[in-house]
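Below is one structure, written out as structure tokens, with a few remarks after it.
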Amino acid sequence: MFTLLLNFLIAQLNPVTPPPQEVVQPQQVRPLSGDLDKVTVFNSNSPELVLKEGILLSTFPPDGKKVPTAHLNFPLRGRFDIFAHHVAKAEPPENLRSLYLGIILHNPGAKSVKVNILQAASYLSQPDAPFIELPPFIPNPLGTVFAGPGDRVMSEVLRGRRQNIFPAQIIIPPGQSQMLLNLPIPVKGLTPPLNGRSTFMRLWSNGRVYAASLAMFAPINADGSERPPTQQEWQNLLDNGELSGPRDKIPTPPEETGKPRVYGRVAGVASGSQWRALLVDNPQAKHLTIPKPGEVFSYALSTLPGGSLGTGQIQSAPMLVRYPDTAYRAHGNYGIQYSLKLPLYNNTQASQSVSVSLQTPLKEEQLSQPGLRFFSTPARPVFFRGTVRVRYRDDKGEPQTQFVHLVQRRGQPGEPLASINMKAGDRSLVEIDFLYPPDATPPQVLTITTKP
């Protein structure tokens, strides 16, 4: 009896929050036209939490390496990207040594290789970009609004910037290697002692290179202070080390659909850095007819198995090489740029007010109702946190470029990125660009609405 009474009193003090009420937005969901390009992406995101130093991802040949299975033997050349997103934690809590992240490039050829660093950024969660609470919609013209290192990195690269810690070019002599990154993830002085670093680079090489991302605890000087690892120490880890740990959850094989799906984290080389789409009525059309007044349609974004919103389209970048215990595709498409053009056309005999929004509906493979499901009060988890660039002409015909920072929780409809008044017969081009941010959860949709 006492236990029942105690449970009753606890329930009164902590009433169960009723689940959010669902709202269905009746509409059509369309697959996204276009496709990913063929730019290769070195994608280092597994293990995300690094407690054991070692190899995070290596595309080097296995020859002469102590652990051949840790090397995927995949050269990079021309345009390629490097993405790395890892977390350090004091384990045990009194071990406050910094974890260093190293990225090394090697030129296997007989001639020097030039590697141009086109855009690049690398930030820590603490102190560079802490996860802070932000409103759902904030203008971000200068790139000063962000929450989390992945959010900040993608905003910088979207604006075409190269952080000043990166040179414009490195030259790698024949048969030599060079460090592209050698930066710490410190945990000392943090509560809890946990920190993360996100890095993204767009590169161009005039010859073949191999790449590796590595994790090493800071070497200690005689006076007890930390120092960065030397290139020789990184090279020794690459040659003699094994895969870093702890390993993440093993992903569910694509053919197994009857049980809860584990997507896994990515460690490998993916195919595709940008998805360009011209959104028109059909492949032969040159415009996108706006919805009828009071109606809506959407285009699916960052779809994945189990979350294609009835389109049957999987946008996750395919893996060219990967470790067997990591993701089969680059689900979430972290760092991939979506560049969407909407040549809107008002085919009615009256002026119409049209808006374009990014939204985060409830994830479904097949739509259980004739439309997208949202919550009347969005759930707590943040599913999208990043900056979107919007370009269009205003009511005076003046070109506008706006950067908007969005925070969307699961089931959040979102606010319009752009609202355009279109006269009868008017045409108006709207362009949307964003890099899919780390720590976001797919899918999203781009929604076009005509006011009643």
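The values are calculated or read from the model by the stated rules, or taken from the named source; none is laboratory data. In this text, all values refer to a predicted model and were calculated from it rather than measured experimentally. Cβ coordinates were reconstructed from backbone atoms using ideal geometry, including for glycine residues, and neighbour counts include every protein chain displayed.
Structure data summary
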read-out: Filtered residue count, region 273-301, keeping only those that are within 27 Å of Q119 (Cβ to Cβ) and at pLDDT below 95; value: 0
read-out: Hey, R393 basic (K, R), loosely packed, with under 15 Cβ neighbours inside 10 Å and either in the same structural domain as T59 (by TED's automatic domain parsing) or free of Cβ contacts under 8 Å to residues at least 40 places away in the same chain (or both) or not; value: yes
read-out: Yes/no for R202 being modelled with pLDDT of 95 or more, assigned to a strand (DSSP E or B), outside the structural domain of L340 (by TED's automatic domain parsing) and not hydrophobic (A, V, I, L, M, F, W, C); value: yes
read-out: Members of region 368-384 found to be touching a residue at least 60 places away in the same chain (Cβ under 8 Å), part of a loop (DSSP other than H, G, I, E, B) and either small (G, A, S) or touching a helix residue (DSSP H, G or I) at 6+ places or on another chain (Cβ under 9 Å) (or both), listed by number; value: S376, A379
read-out: Filter result (outside any strand (DSSP E or B) and under 20 Å from N116 (Cα atoms)) within region 168-198; value: A168, P173, P174, G175, Q176
read-out: Residue, farthest from the chain's Cα centre (by Cα), within region 229-263, restricted to residues that are exposed (fewer than 15 other Cβ atoms within 10 Å of the Cβ) and β-branched (V, I, T); value: T230
read-out: Matching residues, region 59-96, being within 24 Å of the chain's Cα centre (by Cα), more than 17 Å from M201 (Cβ to Cβ) and not in a loop (DSSP other than H, G, I, E, B); value: V87, A88, K89
read-out: Residues that are under 25 Å from the mean Cα position of the chain (by Cα) and part of a loop (DSSP other than H, G, I, E, B), drawn from region 264-299; value: G264, R265, V266, G272, S273, L279
read-out: Scan of region 414-435 for residues that are over 21 Å from P135 (Cβ atoms) and of a type in the set (S, T, Y), ordered by number; value: S428
read-out: V41 vs. criteria over 25 Å from R202 (Cβ atoms) and β-branched (V, I, T); value: no
read-out: Check on T401, in contact with a strand residue (DSSP E or B) (Cβ under 8 Å, 6 or more places away or on another chain) and more than 22 Å from E133 (Cα to Cα); value: yes
read-out: Output for region 152-199, where each listed residue is at pLDDT below 95 and either under 22 Å from E233 (Cβ atoms) or surrounded by 21 or more Cβ atoms within 10 Å (Cβ to Cβ) (or both); value: none
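For (1) farther than 30 Å from M422 by Cα; (2) among the aliphatic types (A, V, I, L, M), each residue gets a yes or a no:
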{"position": "P251", "(1), (2)": "yes, no"}
{"position": "P260", "(1), (2)": "yes, no"}
{"position": "Q284", "(1), (2)": "no, no"}
{"position": "P291", "(1), (2)": "no, no"}
{"position": "T303", "(1), (2)": "yes, no"}
{"position": "P324", "(1), (2)": "yes, no"}
{"position": "I336", "(1), (2)": "yes, yes"}
{"position": "P343", "(1), (2)": "no, no"}
{"position": "T348", "(1), (2)": "no, no"}
